[in-house]
Structures are given as structure tokens and as C-alpha cells.
Amino acid sequence: MGSLDLEVTVYSRHSSNYHSYKGNIGTVNDNILNQKFNAKEPYTVIHTDIAQVKLSNGQWGYVSAVIDEANQEIIGTVVSS
């Protein structure tokens, strides 16, 4: 790879100094699930996550999905730059 001037970009650190963690901001809700996420009924426990991906044009894109824990079904997704 070195002789062809190729480099790995999948594991490279971000070039910006952005960090999403800003400390304790806002309120903390009660832990009514007690870390038990194995729901039996649909729409009683849902969760979301955001993934950051580097696009072919060099910009960052974001993919977010909302998942129902009862059947592991994706309820909705959002993709944005």
C-alpha cells in the first residue's frame, strides 16, 4: 500500500476536533426499564442510534434508525448530511 500511496480511511481519526459529549446537560429521566430491554409487546420499548459515515465527496453523512425491541423491526430511518 505504501508503494502505491494508498492509505486506510475506514479507521482514520476524524480530521475535525468535534466531540458530541458536552458533560451533564439537561435532565436525566427515571430508569423505568431498569436496563431490561427485552420487550414482549410491540411499541413498548423502542430505541435509536446514529451512525456517522464518510461520503464519497468527503463530507460526513448520518444514518439513524428507530427499532422496536419486541420484534427487532425497524420502525423508521433518517439519512442526512
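Read-outs: derived from the displayed coordinates by stated rules, not from any lab. As the structure is a prediction and not an experimental result, all values here were calculated from the model. Here Cβ is always computed from backbone atoms with ideal geometry, including for glycine, and neighbour counts include all displayed protein chains.
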Across region 28-41, in residue order, what do the Karplus-derived ³J(HN,Hα) couplings come to in whole Hz, using 6.51 cos²θ - 1.76 cosθ + 1.60 with θ = phi - 60° and x for Gly and Pro?
10, 6, 5, 8, 6, 8, 6, 6, 9, 9, 8, 6, 9, 9
Gain on full stretching of the segment that runs from VAL63 to SER20 - 0.36 nm per residue minus C-alpha separation:
13.9 nm
Among VAL45, VAL79, rank each residue by its count of other Cβ atoms within 10 Å, from fewest to most, as a rough exposure measure.
VAL79, VAL45
Region 19-78: trypsin sites (Lys or Arg not before Pro) in DSSP loop, at most 16 other beta carbons within 10 Å:
LYS22, LYS36, LYS40
In what order do SER64, SER81 fall by count of nearby beta-carbon atoms within 10 Å, going from fewest to most?
SER81, SER64
Virtual paramagnetic centre 7 Å along Cα→Cβ of LEU4, amide N under 20 Å, in region 47-77:
56
